[in-house]
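Read the structure below first, then the notes.
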Amino acid sequence: MFTYLVSNEGVPEDARTSLVSAALCAYDPQATYDLDQDFRAFVLKNYREMPAFTGPLAAWLAQAEQSEIKELHAFTSGLRKDLAAVTAGLSQHWNSGPVEGAVTRIKLLKRQSCGRAGFDLLRRRILLAT
């Protein structure tokens with residue numbers, strides 16, 4: 001399903017056809033592809049107001065739940081369990097990307113010491129790296 005979420009712009013027609021035919025084990029490959037492209041479209045769209053965002057999300061959830069694809073049913077039930085967080089995460093303009101980048105950098109510095117250095121050396125390396 002992940003390959004469906006990739007943009008199909010600039011992809012040759014034969015490659016698009018092979019993407020759809022590669023999922024023959026799915027219930028309806030074209031329906032799966034269409035639902036995934038719809039989901040991708042409104043996730044990538046820049047929503048700033050929650051009322052404007054909840055309409056397309058609710059419509060997509062209803063459409064996915066009416067499909068015969070059981071994997072999408074599991075996905076939609078997971079989204080519905082924490083719908084407020086999903087809506088806020090997709091409609092707010094800020095994210096935790098910078099914090100996650102800093103945490104990744106610190107973990108890299110920690111792994112490079114292979115457990116041989118104490119906290120003081122790790123602290124110095126972090127402070128010097130910034």
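The values are calculated or read from the model by the stated rules, or taken from the named source; none is laboratory data. Predicted model, so just to flag it, every value in this text is computed and none were measured. Every residue, glycine as well, gets a Cβ built from its backbone with ideal geometry; the counts of neighbours run over all protein chains shown. When the accessible area is computed, the model is the full protein with side chains, heavy atoms only, and any ligands, DNA or RNA have been set aside. Shrake-Rupley method; radii C 1.70, N 1.55, O 1.52, S 1.80 Å.
Conditions tested, residue by residue: (1) among the basic types (Lys, Arg); (2) in a helix (DSSP H, G or I).
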| site | (1), (2) |
| --- | --- |
| Ala84 | no, yes |
| Ala88 | no, yes |
| Asn95 | no, no |
| Val99 | no, yes |
| Ala102 | no, yes |
| Leu108 | no, yes |
| Arg116 | yes, no |
| Leu121 | no, yes |
Margin query: For the stretch 105-115, check the following and say yes or no: at least one residue is at pLDDT below 85, in contact with a Lys or Arg (Cβ under 6 Å, 6 or more places away or on another chain) and not small (Gly, Ala, Ser).
Written below: yes
Within the stretch 105-129, the count of residues that are touching a Leu at 6+ places or on another chain (Cβ under 6 Å) and at positive phi comes to 0
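So which helices (runs of 4 or more DSSP H) stay within the stretch 1-74 end to end and still have 1 or more residues that are modelled with pLDDT of 75 or more?
Numbers: elements: 13-21, 29-44, 50-66.
Qualifying helices (runs of 4 or more DSSP H): 29-44, 50-66.
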Filtering the stretch 85-111 for residues that are in contact with a helix residue (DSSP H, G or I) (Cβ under 8 Å, 6 or more places away or on another chain) and open to solvent by less than 100 Å² (accessible area, probe 1.4 Å) leaves a count of 8
**Study point:** Boolean, Thr76 is surrounded by 11 or more Cβ atoms within 10 Å (Cβ to Cβ) and β-branched (Val, Ile, Thr)
**Key:** yes
